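Before any comments, here is the structure.
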Amino acid sequence: MAKVNEHARPDKEAVAPKKTGDAERFARLLLAGSAEEDIAAYDRGVLKEAATLAWHALKKHRSGGSVVAVDNDRRLLREGRPLTAVTVVNDNMPFLFDSVLGEIADSAGSPTLVTHPIIAVKHGRNGVSGMAESHKDKSADKVSVIHVHVARLAEDEAAALARRLERILSQVRASVRDWRAMLARLDQAILDYR
C-alpha cells in the first residue's frame with residue numbers, strides 16, 4: 001500500500017491514536033537507535049511530527065503486507081530546509097533494510113536521518129491494533145519500520161519512489177520465501193559433492 005501525502009496531516013481519524021501510550025512509546029523507539037548528531041539538527045516538534053507520520057504508517061500495516069508512505073508534510077524541516085519522510089513498514093525479514101535504503105539513496109540522494117527499529121506489535125482485522133509489551137511476547141508480530149528523511153521530493157518523484165519501493169519489497173519477499181530452502185539444497189549439494 002503506497003501513499004504519497006502532500007497534506008499537512010493525515011485524515012482526522014488517523015490523527016488521534018486510540019492508544020496514546022503506544023504512540024509515545026513508538027516515538028521513543030523510533031529515534032532510540034539514531035545517531036545523536038543526526039537528531040541534533042532537528043527541532044523537537046519536527047521529530048514529533050515525523051514520529052506521528054511513521055506511527056500512522058505502522059497502524060496501517062497488515063501481517064504479510066507492506067506499507068510505503070512518502071510524506072511531504074510542510075512541517076518537516078531540517079535547519080530550515082524542507083524534507084520528505086519515507087516510511088516503510090514490513091514484516092521483519094532479511095535483506096529488507098539494505099534493499100530499501102539502497103533504493104532511497106539511489107532515487108533521492110543521501111538521507112539526513114535513518115531509523116530502523118524492529119517493533120513488536122499486535123495485529124487486528126484493520127492493521128496494527130497496538131504494541132506488544134515486549135519482544136518476548138510469543139503472540140506478537142515483529143515488524144520492521146524503516147523511516148528515512150531526504151531532501152524534499154517533487155510529487156511525481158515521491159510517487160515514483162513509492163512505486164519502486166513497492167516493487168523492491170515484493171522482490172525481497174519472494175527472495176526470502178525460498179531463501180532457507182535454497183540454502184538447504186546448496187548444503188546438500190556440497191555434501192553430495194564431497
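At a glance:
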item: Contour minus Cα-Cα distance for Ser107 and Ser139 (0.36 nm per residue); result: 7.8 nm
item: At 0.692 mPa s and 37 °C, Stokes D of region 38-146 from Kirkwood alpha-carbon radius, µm² per second; result: 223
item: Volume per residue of the C-alpha convex hull in the chain, rounded to whole Å³; result: 143
item: Between helix 96-108 and the chain: long-axis angle, C-alpha atoms, 0 to 90°, nearest 10; result: 50
item: Value of D in µm² per second that Stokes-Einstein yields for region 38-89, Kirkwood Rh from Cα pairs, at 10 °C (1.306 mPa s); result: 136
item: Pairwise centroid distance, computed over Cα atoms, of region 110-185 with region 21-50, Å; result: 18
item: Gaussian network model of the chain, Cα within-10 Å springs - most flexible of Ala174, Ala108, Ala151; result: Ala174
item: Efficiency of FRET between Asp178 and Leu77 - r from beta-carbon atoms, R0 35 angstrom, step 0.05; result: 0.20
item: Greater than 21 Å apart at Cα, pairs in Lys48/Lys136; Lys48/Lys122; Lys60/Lys142; result: Lys48/Lys136; Lys48/Lys122
item: From phi via Karplus (6.51, -1.76, 1.60), per-residue ³J(HN,Hα) for region 128-141 in Hz, x at Gly/Pro; result: 6, 8, x, 8, 6, 5, 7, 5, 6, 5, 5, 8, 7, 9
item: The chain: angle of helix 155-177 to the longest principal axis, Cα-based, in degrees nearest 10; result: 30
item: Separation of the Ala159 and Ala40 label points, Cα + 7 Å toward Cβ, nm; result: 4.0
item: Within a Gaussian network of the chain (alpha carbon springs, distance under 10 Å), most fluctuating of Ala132, Ala154, Ala162; result: Ala154
item: Mean separation of Cα contacts under 8 Å (6+ apart) over length of the chain, as relative contact order %; result: 25
item: Region 59-154 - percent relative contact order, Cα under 8 Å, separation 6 or more; result: 37
item: Compactness of region 92-180, expressed as Rg and Dmax over alpha-carbon positions, Å; result: 14.9, 42
item: On Cα atoms only, tilt of 179-193 relative to the major axis of the chain in degrees; result: 30
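Just so you know, all these numbers are worked out from the coordinates, no wet-lab data involved. From a predicted model like this one, the values you see are computed outputs, not experimental measurements. Heads up, the Cβs are rebuilt from the backbone with ideal geometry, glycines too, and the neighbour counts pull from every protein chain shown.
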